[in-house]
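Novice: Please see the structure below; I have some questions.
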Amino acid sequence: MTKYGSFPGARPRRLRTTPAMRRMVAEHRLHPADLILPAFVREGISEPVPISAMPGVVQHTRDTLRKAAVEAVEAGVAGIMLFGVPEDAKKDAVATAGTDPDGILQVAIRDVKAEVGDDLVIMSDLCLDEYTDHGHCGVLDAAGRVDNDATLERYAEMAQVQADAGVHAVGPSGMMDGQVGVIRDALDQTGHEDVSILAYTAKYSSAFYGPFREAVGSSLKGDRKTYQQDPANLRESLRELALDLDEGADMVMVKPALPYLDVLAKIADSVDVPVAAYQISGEYAMIEAAAEKGWIDRDKAILEALTGIKRAGANMILTYWATEVARGL
């Protein structure tokens with residue numbers, strides 16, 4: 001005893017004394033194989049086009065996309081998620097360019113496959129929004145509403161052409177009811193049983209998508225609240241999860257990541273399939289903007305955000321910093 005009372009018997013600080021000690025007892029670690037690089041490839045450009053709201057991210061040419069894929073492999077990144085950006089003149093009401101075997105996304109898949117083969121898991125965004133003149137993720141009915149079942153027919157066609165191009169995994173992101181089942185059937189019936197489905201299981205209607213709209217040249221009119229999830233809901237995600245797994249999802253995703261870590265943790269605790277989280281454009285832009293102002297330490301903030309996503313239960317993280325972070329790790 002001292003005049004100040006007993007000394008503490010338990011001293012958790014002992015395990016924080018040195019960098020080596022902290023590293024030894026760390027409960028979660030980032031690894032390059034945890035990371036997936038989202039990449040945009042734009043039709044009809046000869047030089048990469050910077051995305052103003054996402055410093056350091058560009059719309060690639062076919063050549064620079066191939067280079068980015070090689071760099072990702074060299075850094076140890078696990079996968080690349082490809083988004084196609086067609087010429088505006090090729091957009092129409094039913095996203096014809098999205099199912100054209102020679103459309104920009106299908107060409108890009110073949111380019112990356114030829115460049116890196118199976119050294120990188122090649123994934124593709126399976127959605128209509130980049131290719132529609134109205135910017136929605138589905139076909140519209142006569143009243144201007146997204147027609148769920150008509151959209152599923154287009155998704156089935158899109159799955160086939162992406163698989164024909166050589167993709168390893170498709171990522172249906174439109175949040176249509178029944179999309180995973182229809183896509184699984186379409187893949188299986190066309191001889192693509194080995195192509196995986198990364199289901200966008202919990203994709204919320206989020207304000208953090210803003211910079212992405214620039215990245216894909218979105219033509220969106222209105223919003224997506226009738227098909228993307230309400231940010232207020234958690235149990236709804238578990239229902240979506242059960243449906244996706246029943247329909248044949250091989251992997252599941254939560255998007256966005258940081259504002260929905262509770263959803264991510266709940267889903268990760270509920271499944272025995274790999275779980276992904278997408279650190280989206282707004283999350284990227286906020287850190288880059290604050291760092292540019294000198295308000296935060298950029299590199300430390302990036303690693304802290306990614307570690308938080310890993311700690312919440314993500315096996316894989318889609319992040320625009322994938323190659324940079326993998327090199328650092």
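The values are calculated or read from the model by the stated rules, or taken from the named source; none is laboratory data. Owing to the predicted nature of the structure, the values given are computational and were not obtained by experimental measurement. Cβ coordinates were reconstructed from backbone atoms using ideal geometry, including for glycine residues, and neighbour counts include every protein chain displayed. For the accessible areas, the whole protein counts, side chains as well, though only heavy atoms, and no ligand, DNA or RNA atoms are used. Shrake-Rupley method; radii C 1.70, N 1.55, O 1.52, S 1.80 Å.
Novice: Can you tell me which residues in the stretch 278-315 are assigned to a helix (DSSP H, G or I), among the β-branched types (Val, Ile, Thr) and either open to solvent by 20 Å² or more (accessible area, probe 1.4 Å) or farther than 18 Å from Tyr200 by Cβ (or both)? Reasoning before the result, please.
Specialist: Taking the stretch 278-315 first, the residues assigned to a helix (DSSP H, G or I) are 281-292, 298-311.
Next cut, among the β-branched types (Val, Ile, Thr) only: 287, 302, 307, 309.
Those that are assigned to a helix (DSSP H, G or I), among the β-branched types (Val, Ile, Thr) and either open to solvent by 20 Å² or more (accessible area, probe 1.4 Å) or farther than 18 Å from Tyr200 by Cβ (or both): Ile287, Ile302, Thr307.
Novice: Name the residues in the stretch 316-329 that are in a helix (DSSP H, G or I) and either polar (S, T, N, Q) or more than 17 Å from Ala78 (Cα to Cα) (or both), would you? Reasoning before the result, please.
Specialist: To start, the set of residues in the stretch 316-329 that are in a helix (DSSP H, G or I) comprises 322-328.
Scanning the stretch 316-329 gives a single hit, Thr323.
Novice: I would also like to ask the following. Please enumerate the residues belonging to the stretch 67-125 that are in a loop (DSSP other than H, G, I, E, B) and among the small types (Gly, Ala, Ser). Reasoning before the result, please.
Specialist: First, pick out the residues of the stretch 67-125 that are in a loop (DSSP other than H, G, I, E, B): 76-78, 86-87, 91, 93-95, 100-103, 117-120.
Answer for the stretch 67-125, where residues must be in a loop (DSSP other than H, G, I, E, B) and among the small types (Gly, Ala, Ser): Gly76, Ala78, Ala93, Ala95, Gly103, Gly117.
Novice: Taking the stretch 17-58 as the search range and keeping residues that are touching a residue at least 40 places away in the same chain (Cβ under 8 Å) and assigned to a helix (DSSP H, G or I), which one is surrounded by the most Cβ atoms within 10 Å (Cβ to Cβ)?
Specialist: By that ranking, first place goes to Asp34.
Novice: Separate question: Kindly indicate the residue of the stretch 156-215 that is within 18 Å of Ala242 (Cβ to Cβ) and part of a helix (DSSP H, G or I) and also most open to solvent (accessible area, probe 1.4 Å) among those meeting that condition. I'd like the intermediate steps shown before the answer.
Specialist: Residues of the stretch 156-215 that are within 18 Å of Ala242 (Cβ to Cβ), as a first pass: 172, 175-184, 197-204.
Remaining after also requiring part of a helix (DSSP H, G or I): 179-184.
Numbers: Gln179: 8, Val180: 0, Gly181: 16, Val182: 46, Ile183: 0, Arg184: 29 Å².
Of everything passing the filter in the stretch 156-215, Val182 is most open to solvent (accessible area, probe 1.4 Å).
Novice: Out of all the residues in the stretch 77-106, which are open to solvent by 20 Å² or more (accessible area, probe 1.4 Å) and within 18 Å of the chain's Cα centre (by Cα)?
Specialist: Of everything in the stretch 77-106, just one residue is open to solvent by 20 Å² or more (accessible area, probe 1.4 Å) and within 18 Å of the chain's Cα centre (by Cα), namely Ala78.
Novice: So which of Met286, Met251 ends up being closer than 29 Å to Ile183 by Cβ and not polar (S, T, N, Q)?
Specialist: Met251
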